[in-house]
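Here the structure is laid out as structure tokens; the discussion comes afterwards.
The values are calculated or read from the model by the stated rules, or taken from the named source; none is laboratory data. Only a predicted model underlies this, so the values are computations on that prediction, with no experimental measurement involved. Heads up, the Cβs are rebuilt from the backbone with ideal geometry, glycines too, and the neighbour counts pull from every protein chain shown. Surface areas here come from the heavy atoms of the whole protein model, side chains and all, with no ligands, DNA or RNA. Shrake-Rupley method; radii C 1.70, N 1.55, O 1.52, S 1.80 Å.
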Amino acid sequence: MNAPDNRDDSTVATVAGAGAGPVTRLTLPASADDLARLQLGGVVYLDGVIYTAREGVYKRVVEDGAPLPVDLPALSRVNFHCSPAAARDASGEYRVGGVTATASFRFAKWMRAWFALSSANIIIGKGGMRAQDYADYFVPAGAVYLTTVGYGSGALLGRGIVRVRDVFWADELGSAQALWVFEVADFGPFLVESDLAGNSLFELHSREVNTRIDALYAGLKAPAMRRFGETDNRQDELFQATEDGGD
Amino acid sequence: MISCDAIETAAHQIMHNAAIDIPEDYRRAVAGMAAREEGLSCFVLQTMLENYDAASADRRPMCADTGLPRYYVKVGNEARIEGGMVALEKALRVATARATRDIPLRPNRVHPLWRTDPNNNVGMFAPEIDWSFEPRADWLELTTVHKGGLFGTDYRMLFPGDGVDGIKRFLLDTLIAFGKRGLACQPAIVGVGLGGAKDACMTLGKQAACLRVVGDRHPDPKIAALELELKDLGNAIGMGPMGFAGRAMVADLHIEVGHTHTGGMPMSVHTFCLSSRRATVRICPGDAPQFQFQYRSDPQWFSDYMRREGIE
């Protein structure tokens, strides 16, 4: 892996990345000061303990009121929206092949409640959430959003998983939806999508892309039959506001 | 005679090849785009190239969303399969379950309503098995494709008067809708299905995306020209990987056409992904393994026979 070899005792160090922002290594749990230093578009690698929780876990905890299976606030404050490709070997140890994020926008409605229950301050996933979700849920919780890179960098991320420390609810939810706890080192790269102020890298880039969209359609006649749809404005944000999961 | 053991062995092996080793044609395309992109788009593509190398070096899946693993089977007209086609299908199902545990693949397949997970990627109508045939051949070819399933595909009934403008608009709509924030995992090989019955239109577009390699052109020169025109249109959107500003949206674009209803021009769009996972094996009759299994990354799925017109 090409993780820059600039580890030092401070939790934050920076070097220039290829085409991206500064590279930061965070030792978990990350402090508010660590997170405050992250820049949109910067590259992040993690060392410490993280866990996975997605719709199966959110429903069970937030909607059904099941108690957390482990003291998450004490264990880890990093929630990775993913399911690993993992299998148990003969000795009962889990072997993790690749790790890839899943799209986070579907989980926005549970985030307020989840932050309150879990004290998470880093969410990792695919595609980010709406800028409004950052303002409503992330900023009050002092949390940032890190996005995986390219969305297919599963082998690089798989290398960063040192050990499967635990898996909860594998029987109840299936291995894809279970709550996995991983010890990670050199885990990344991730890009800072949302900072503590709720700014969004995706939104910045969407704005730039949007400036050219109308010109693409100029001169192309519309089809004879229209379709029903929620929007015909190609510049619109397509993630829909969803009901707050409540807290 | 081709034995079921041979089929299961080969079907299991191509699951490994697909999950772990990026096809060379697609890797070259990504490397070429990385050389032309700047800023974040360039960083993403370089990271993906490193990821391909890590997957091959470690023998681990390049992407943990190992998609919906499935098979495409081409049977030579003279091929003889021990136990017949039912035995062949069983071998593919067994191989899928074994590969899920051995590689490992993510057990993505769940019941659509109850969300129960058999944890082996096998279930009702799963894995999908598509069939085709080839005259004057005694071999059997298996291709597996691991493709994510949530984003990047759409279907629309256009009409003949909508013309190429209608095709371009729907392509732009689909690429922009799913390209935002990179949900389609672009740059991708894009498949466009035109014509056929509605289901055939979807199937042709899917196969065009997943079973034709970068650089391959349709044998009809006018369709080949349209492929290149639409590819350039996609790359002119101004969107790169992850929806960042850039130019790397379409690694290549393939069109497959089928004769269709006189009043309609159905169209489907499918985007493969940054982990364009496909692997093929030809199984020849006989016992010597070195002659029996011939592995490759180009499925060579669309033969002249498949695209035939007329009655023969």
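Values computed for the structure shown
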{"item": "Scaled radius of gyration (Cα, divided by 2.2 N^0.38 Å) that region B:192-243 gives", "result": "1.27"}
{"item": "Under 20 Å from the B:GLU309 label point (7 Å along Cα→beta-carbon), backbone N, region B:253-292", "result": "B:255-267"}
{"item": "Built amide H within the under 5 Å cut-off of A:THR24, gap 5+", "result": "A:VAL43, A:VAL44, A:TYR45"}
{"item": "Check: the protein assembly as shown dipole with +1 on Lys, Arg Cβ and -1 on Asp, Glu Cβ, in debye", "result": "540"}
{"item": "Part-to-part distance (alpha-carbon centres) for region A:43-91 and region B:119-163, which is given in Å", "result": "34"}
{"item": "From phi via Karplus (6.51, -1.76, 1.60), per-residue ³J(HN,Hα) for region B:138-152 in Hz, x at Gly/Pro", "result": "10, 9, 10, 10, 10, 10, 10, 10, 10, 10, x, x, 9, 10, x"}
{"item": "Of B:LYS198/B:LYS231; A:LYS221/B:LYS168; A:LYS126/B:LYS180; A:LYS59/A:LYS109; B:LYS206/B:LYS231; A:LYS126/B:LYS231, those spanning more than 19 Å from alpha-carbon to alpha-carbon", "result": "B:LYS198/B:LYS231; A:LYS126/B:LYS231"}
{"item": "Inter-part distance where region B:31-65 and region B:224-261 are each reduced to a Cα centre, Å", "result": "20"}
{"item": "Cα centre as origin, Lys/Arg/Asp/Glu Cβ charges: region B:66-184 dipole, Debye", "result": "520"}
{"item": "Value of D in µm² per second that Stokes-Einstein yields for the protein assembly as shown, Kirkwood Rh from Cα pairs, at 20 °C (1.002 mPa s)", "result": "88"}
{"item": "Relative compactness, region B:61-101, computed as alpha-carbon Rg over 2.2 N^0.38 Å", "result": "1.45"}
{"item": "Estimated vicinal HN-Hα couplings, Hz - region A:148-161 in sequence order (Karplus 6.51, -1.76, 1.60; Gly, Pro = x)", "result": "5, 9, x, 6, x, 7, x, 6, 4, 5, x, 4, x, 8"}
{"item": "Accessible area (Å², 1.4 Å probe, nearest 10) - B:LYS168", "result": "40"}
{"item": "Whole-Å semi-axes of the ellipsoid equivalent to chain A (Cα gyration tensor, √5λ, descending)", "result": "31, 23, 19"}
{"item": "Taking N as its residue count, the alpha carbon Rg of region B:20-150 over 2.2 N^0.38 Å", "result": "1.29"}
{"item": "At least 40 Å² of accessible area lost relative to the chain alone, listed for region B:137-167 with a 1.4 Å probe", "result": "B:PHE151, B:ARG156, B:PHE159, B:ASP162, B:ASP165"}
{"item": "Debye equation applied to the C-alpha atoms of region B:150-271, log10 I(q)/I(0) at 0.13, 0.16, 0.19 Å⁻¹", "result": "-0.44, -0.67, -0.95"}
{"item": "Relative contact order of region B:1-109, defined on C-alpha pairs under 8 angstrom at six or more residues apart (%)", "result": "44"}
{"item": "Chain B - convex hull of the alpha-carbon atoms, volume per residue in Å³", "result": "139"}
{"item": "Equivalent ellipsoid dimensions for region B:200-312 as semi-axes, Å, which come from the Cα gyration tensor, largest first", "result": "29, 22, 11"}
{"item": "Cys with no candidate disulfide partner in chain B (beta-carbon separation under 4.7 Å rule)", "result": "B:CYS4, B:CYS42, B:CYS63, B:CYS201, B:CYS210, B:CYS284"}
{"item": "Accessible surface of region B:150-271 [probe 1.4 Å, protein heavy atoms]: carbon and sulfur percent", "result": "62"}
{"item": "Accessible surface, per residue, of region B:156-312 when the full set of protein chains is kept, probe 1.4 Å, Å²", "result": "36"}
{"item": "Total charge dipole magnitude, region A:23-217, about the Cα centre, Cβ charges on Lys, Arg, Asp, Glu only, Debye to nearest 20", "result": "240"}
